[in-house]
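Chemist: Here it is, the structure, as structure tokens.
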Amino acid sequence: MTWLLSINKTTCYWTLAIVTIVFSIASSHFLMTDELYYSSYAEQLTKEQIHQMLTWANDSVLRFLGYIILPVIILVRVLFTSFCLQVGNLIQEYHWKYEKLYNISLKADAIYLLSSVCNFYFYAFFQPAKNIKELNINFLSVLKLKGFENVQSWLVMAFNSLNVFELLYIILLIVLIKASLRLSFLKSTIFVILTYCIGNYIYVIAMTFVYLNVAQ
């Protein structure tokens, strides 16, 4: 994995950002259709209200703002992971440079891009979404397996985060840490579990709290 670590960080970041924006635009045009809006909100809103919602969603300025914020989201996600790793670095007194941890987190973020791309193709070609909520469900998650309607609201975020891509992300973090920081596979695994996995668990709890309050 040394070849992945050696890729220029700026090039890697903007490649992730550009491809993410491209698939976000594709999702807006091919997945977030007018028909999907009507099927999602027909029982809750009037046609006039749905039309107003579509007018707002299709506003070019708002769409542009939504696209340009995606690189910021990627950066925040990378910084979150590198922060979790840095906390473990300080506690264990490994004295690793933060730049290395940032580089590992940035390169591992390619898994999230892979997840978005695969999700797009799944809902575009294999199983069209019945409503907008379904588009936010990872197609290889426990939530997708059990069904959104069969899961209690406080478990939605947790079950969606339990997916194949999250597992691949953790594995890639372990492999990159092993390659970059010269730890054994076992020590790298324990380090990731005690840093990123715990941090992600806290994040899911926080997002669940937000989701429950917004949903209600």
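The values are calculated or read from the model by the stated rules, or taken from the named source; none is laboratory data. The shown structure was predicted, so the numbers you read here are calculated from the model rather than taken from an experiment. Don't worry about glycine lacking a Cβ; one is built from the backbone with ideal geometry, like all the others, and counts go over all protein chains shown. Surface accessibility is based on the protein's heavy atoms, side chains included, excluding ligands, DNA and RNA. Shrake-Rupley method; radii C 1.70, N 1.55, O 1.52, S 1.80 Å.
Chemist: Checking the structure you have, find out if any residue of the stretch 198-209 is within 14 Å of the chain's Cα centre (by Cα) and over 21 Å from I104 (Cβ atoms).
Modeler: Within the stretch 198-209, one or more residues are within 14 Å of the chain's Cα centre (by Cα) and over 21 Å from I104 (Cβ atoms).
Chemist: Go over the candidates T55, T20, T2 one by one and state the one that is touching a helix residue (DSSP H, G or I) at 6+ places or on another chain (Cβ under 6 Å) and loosely packed, with under 11 Cβ neighbours inside 10 Å.
Modeler: Values: T55 fails: touching a helix residue (DSSP H, G or I) at 6+ places or on another chain (Cβ under 6 Å); T20 fails: loosely packed, with under 11 Cβ neighbours inside 10 Å.
Every option except T2 fails the conditions.
Chemist: Could I ask something else about it? Going residue by residue through the stretch 194-202, is there one that turns out to be open to solvent by 60 Å² or more (accessible area, probe 1.4 Å), of a type outside the set (A, V, I, L, M, F, W, C), in a helix (DSSP H, G or I) and more than 22 Å from M1 (Cα to Cα)? Step through it out loud before you land on a result.
Modeler: Residues of the stretch 194-202 that are open to solvent by 60 Å² or more (accessible area, probe 1.4 Å), as a first pass: 194, 198, 201-202.
From what's left, of a type outside the set (A, V, I, L, M, F, W, C): 201.
Those still in the list that are in a helix (DSSP H, G or I) too: 201.
Checking which are more than 22 Å from M1 (Cα to Cα) leaves us with 201.
Taking every residue of the stretch 194-202 in turn, at least one turns out to be open to solvent by 60 Å² or more (accessible area, probe 1.4 Å), of a type outside the set (A, V, I, L, M, F, W, C), in a helix (DSSP H, G or I) and more than 22 Å from M1 (Cα to Cα).
Chemist: Specify which of the listed residues (A26, A42) is closer than 24 Å to F148 by Cβ, of a type in the set (A, V, I, L, M), open to solvent by 40 Å² or more (accessible area, probe 1.4 Å) and out of contact with any Lys or Arg (no Cβ under 9 Å at 6 or more places or on another chain). Please lay out each step first, then the result.
Modeler: Details: A26 fails: open to solvent by 40 Å² or more (accessible area, probe 1.4 Å).
Unique residue meeting the criteria: A42.
Chemist: Looking at the stretch 59-70, is at least one residue touching a residue at least 12 places away in the same chain (Cβ under 8 Å), closer than 22 Å to L5 by Cα and in a helix (DSSP H, G or I)?
Modeler: No, the conditions are met nowhere in the stretch 59-70.
Chemist: Could you tell me which numbered condition A124 fails, if it satisfies all but one of (1) touching a Phe, Trp or Tyr at 6+ places or on another chain (Cβ under 6 Å); (2) closer than 21 Å to L168 by Cα; (3) surrounded by fewer than 18 Cβ atoms within 10 Å (Cβ to Cβ)?
Modeler: (2)
Condition check ((1) of a type in the set (G, A, S); (2) open to solvent by 70 Å² or more (accessible area, probe 1.4 Å); (3) free of Cβ contacts under 8 Å to residues at least 12 places away in the same chain) across all residues:
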| site | (1), (2), (3) |
| --- | --- |
| E149 | no, yes, yes |
| W154 | no, yes, no |
| F165 | no, no, no |
| I170 | no, no, no |
| L176 | no, no, no |
| L181 | no, no, no |
| T208 | no, no, no |
| Y211 | no, no, no |
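Chemist: Considering the stretch 71-83 alone, what residues qualify as being touching a residue at least 40 places away in the same chain (Cβ under 8 Å), under 13 Å from N200 (Cβ atoms) and open to solvent by 10 Å² or more (accessible area, probe 1.4 Å)?
Modeler: Selection gives F80, F83.
Chemist: Which condition number in (1) at pLDDT 75 or above; (2) within 23 Å of S116 (Cα to Cα); (3) touching a Phe, Trp or Tyr at 6+ places or on another chain (Cβ under 8 Å) is the one that L65 fails?
Modeler: Unmet condition: (3).
Chemist: Search the stretch 111-130 for residues that are more than 22 Å from T81 (Cα to Cα) and part of a helix (DSSP H, G or I) and pair each with any residue that is at pLDDT 90 or above and of a type in the set (G, A, S) when their beta-carbon atoms are under 6 Å apart and the residues are at least 6 apart or on different chains.
Modeler: F120/S27
Chemist: Next question. Of the residues E48, E93, E35, which is among the acidic types (D, E) and farther than 30 Å from Q127 by Cα?
Modeler: E93
Chemist: Just the residues that are exposed (fewer than 15 other Cβ atoms within 10 Å of the Cβ) and either outside any helix (DSSP H, G or I) or aromatic (F, W, Y) (or both), please, taken from the stretch 131-147.
Modeler: Correct list: N131, N136, G147.
Chemist: Based on what the data block shows, is I91 among the aliphatic types (A, V, I, L, M) and exposed (fewer than 12 other Cβ atoms within 10 Å of the Cβ)?
Modeler: Values: among the aliphatic types (A, V, I, L, M): yes; exposed (fewer than 12 other Cβ atoms within 10 Å of the Cβ): yes.
Judged against the criteria, I91 is a match.
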